[in-house]
Amino acid sequence: MFDNLDLSKMGELLNKVQEQAKAIESELDKKEFCAKSGAGLVKVSANGKGEIIDIAIDDSLLEDKESLQILLISATNDVLAMVAKNRNSLATDVLGGLKL
């Protein structure tokens, strides 16, 4: 499995990984994801790190607590799934770019 791995180049490989990790962190800082539920009555935004940065709720939901909770949970789960998918894609790109 590791027959072709040149151990003398491990330091170089680790440096590449660290550089790419920093680049990914920087890219994640810049990205923003948004999910809507209830035909746009609830909108949740998150950055690439998975931090919720904004929530918008239509005034019509303020008197319907149960619907608001359901739509908020749905939009939050959707936006976090988008963030996770993006992270996985970036990780695959980085690992695919490394020649082990």
Where Rh denotes the Kirkwood radius from the mean inverse Cα pair distance, what is Rg over Rh for the chain? 1.24
The residues S60, S8, S67, sorted from fewest to most surrounding Cβ atoms within 10 Å, come out as S8, S60, S67
What net charge do the residues around G48 carry, taking every other residue with its C-beta under 15 Å from that of G48, with Lys and Arg at +1 and Asp and Glu at -1? -1
Going from the fewest other Cβ atoms within 10 Å to the most, one would list D78, D64 as D64, D78
Before rounding to the nearest 500, sum -39500 (n - 2.57) across all DSSP H runs of length at least 4 in the chain and divide by the residue total; then give [θ] at 222 nm in deg cm²/dmol. -19500 deg cm²/dmol
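Taken together, the values in this text are just the output of simple stated rules run on the coordinates, not laboratory data. All values derive from a computational prediction rather than experimental measurement. Glycine also receives a Cβ, built like all others from the backbone with ideal geometry; neighbour counts cover every protein chain displayed.
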